[in-house]
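First the structure, in the form of structure tokens, and then the observations on it.
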Amino acid sequence: MSISRQMLADQLARYLNHRVSKEELIEWCERTMQEENFENGSVKAIVARIGLMDAENFEITYEDLWGMLKELGYQLRVEVV
């Protein structure tokens with residue numbers, strides 16, 4: 001299966017919406033790195049960057065996520081409802 005930018009963006013959105021924990025995000029990226037097919041180099045690089053992080057010492061900022069999503073061709077928008 002090819003890992004698409006949409007699949008990665010969906011996983012990042014799940015993390016932002018507290019549907020997965022930081023540890024689960026890292027574990028997903030670690031498992032995903034075993035895939036051989038990525039839509040493009042940006043997808044692979046972002047998955048690798050997150051997958052190599054240590055969950056206990058890993059802090060991901062809004063700016064980090066904004067930059068990753070921008071690199072994938074998406075915008076990060078926050079709504080307060």
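Among the residues of the range 1-12, those identified as among the hydrophobic types (A, V, I, L, M, F, W, C) and open to solvent by less than 40 Å² (accessible area, probe 1.4 Å) are 3, 8, 9, 12.
In the set (1) in contact with a helix residue (DSSP H, G or I) (Cβ under 8 Å, 6 or more places away or on another chain); (2) at pLDDT 85 or above; (3) part of a loop (DSSP other than H, G, I, E, B), the condition left unmet by residue 34 is number (1).
Within the range 25-63, if we keep just the residues that are of a type outside the set (Val, Ile, Thr) and under 14 Å from residue 13 (Cβ atoms), the residue that is surrounded by the most Cβ atoms within 10 Å (Cβ to Cβ) turns out to be 25. In the range 1-19, the residues that are over 18 Å from residue 67 (Cβ atoms) and β-branched (Val, Ile, Thr) form Cβ pairs under 7 Å with partners that are open to solvent by 40 Å² or more (accessible area, probe 1.4 Å) and in a strand (DSSP E or B), at six or more places apart or across chains, as follows: 3/37. Here the range 51-79 is the region considered, the condition is being of a type in the set (Asp, Glu) and assigned to a loop (DSSP other than H, G, I, E, B), and the residue that is farthest from residue 26 (Cα to Cα) is 79.
The values are calculated or read from the model by the stated rules, or taken from the named source; none is laboratory data. Since we're looking at a predicted model, the values are computed, not measured. Every residue, glycine as well, gets a Cβ built from its backbone with ideal geometry; the counts of neighbours run over all protein chains shown. Heads up: the accessible areas ignore ligands, DNA and RNA and are worked out on the full protein's heavy atoms, side chains in. Shrake-Rupley method; radii C 1.70, N 1.55, O 1.52, S 1.80 Å.
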